[in-house]
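Accompanying notes for the structure given below.
None of the figures in this text is laboratory data; all of them are computed from the coordinates on show. Since the model is a prediction, treat every value here as computed from it, not as a measurement. Quick reminder, even Gly has a Cβ in these numbers, built from the backbone with ideal geometry, and neighbours come from all protein chains shown.
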Amino acid sequence: MSVRAEEGTCGWRIAWSPNSGQAIVEFAASVAVLLTLVFGMIDFSRAIYDVEVMKNLTGEGSAMASRGTNLSDSVTAVVGAASPLDLNVNGRVIVSSVLNSNNSLKLTGQATQGGIVATSKVGTTIGGAASLPAGAAPQLNQTVFVTEVFYAYKPITPIGNFLGTTILPSQLYDVAYY
């Protein structure tokens, strides 16, 4: 803003330059862009952090089940260890056991706990067919333990709420096979 004092015939007067409002408009535009980027980074960073926590939880759940802990105790331990994520309210943990019987994958057990509705991507019927990626399928007459964690992600900033599910997913998912 350019302001200068001039002495006139009636005393001192203030002269405004024609571009005095330009700086204010530029500042407002810069602040809007900067805040949009900062708020977007906050929500995006939180989503990345939540996915990393979920990766650790799925690995621990499958490791516990593969070492002999029953499925329901594995689910309870995963939900209890998820302190930054409230899986009892905003998530669901599903631990499944899948047996390779005569080159046919069968769901032999499953335990679940959590506050949202989510369906296992492995299978839902005990004794029924199960589906696993080729690299995760157990060898003949062996069992693989699968832990799935679903989490309903909610942004905390106005920009995250405005973007909705176009940029950030509304549900995060992770799975581990042991």
Helix-only estimate, please: 222 nm mean residue ellipticity of the chain, summing -39500 (n - 2.57) across DSSP H runs of length 4 or more and dividing by its residues, to the nearest 500.
-12500 deg cm²/dmol
Do any trypsin sites (Lys or Arg not before Pro) in region 65-146 lie in a DSSP loop with no more than 16 other beta carbon atoms within 10 Å, and if so, which?
Arg67, Lys121
Can you tell me the FRET efficiency between Lys121 and Val31 if r is taken as the Cβ-Cβ distance and R0 is 41 Å, rounded to the nearest 0.05?
0.40
In whole Hz, with x marking every Gly and Pro, tabulate ³J(HN,Hα) for region 90-98 from phi via Karplus 6.51 cos²θ - 1.76 cosθ + 1.60, θ = phi - 60°.
10, x, 8, 10, 10, 10, 10, 10, 10
Can you give the angle from 0 to 90° between the axis of helix 22-66 and the longest principal axis of the chain, with both taken from C-alpha atoms, to the nearest 10?
10
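Between Ile24 and Ser83, how high is the FRET efficiency from 1/(1 + (r/R0)^6) when r is the Cβ-Cβ distance and R₀ = 30 Å? Nearest 0.05.
On the way: r = 46 Å, r/R0 = 1.53.
Calculated transfer efficiency: 0.05.
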Gyration tensor verdict on the chain (Cα atoms; rounded if a/c is under 1.5, prolate if a/b is larger than b/c, oblate otherwise)
prolate
When only Cα pairs under 8 Å and 6 or more residues apart are kept, what is the percent relative contact order across the chain?
22
Could you check which residue among Val95, Val78, Val117 shows the biggest mean-square fluctuation in a GNM of the chain with a 10 Å Cα cutoff?
Val117
Which of Thr125, Thr147, Thr58 moves most in a GNM of the chain, Cα contacts under 10 Å?
Thr125
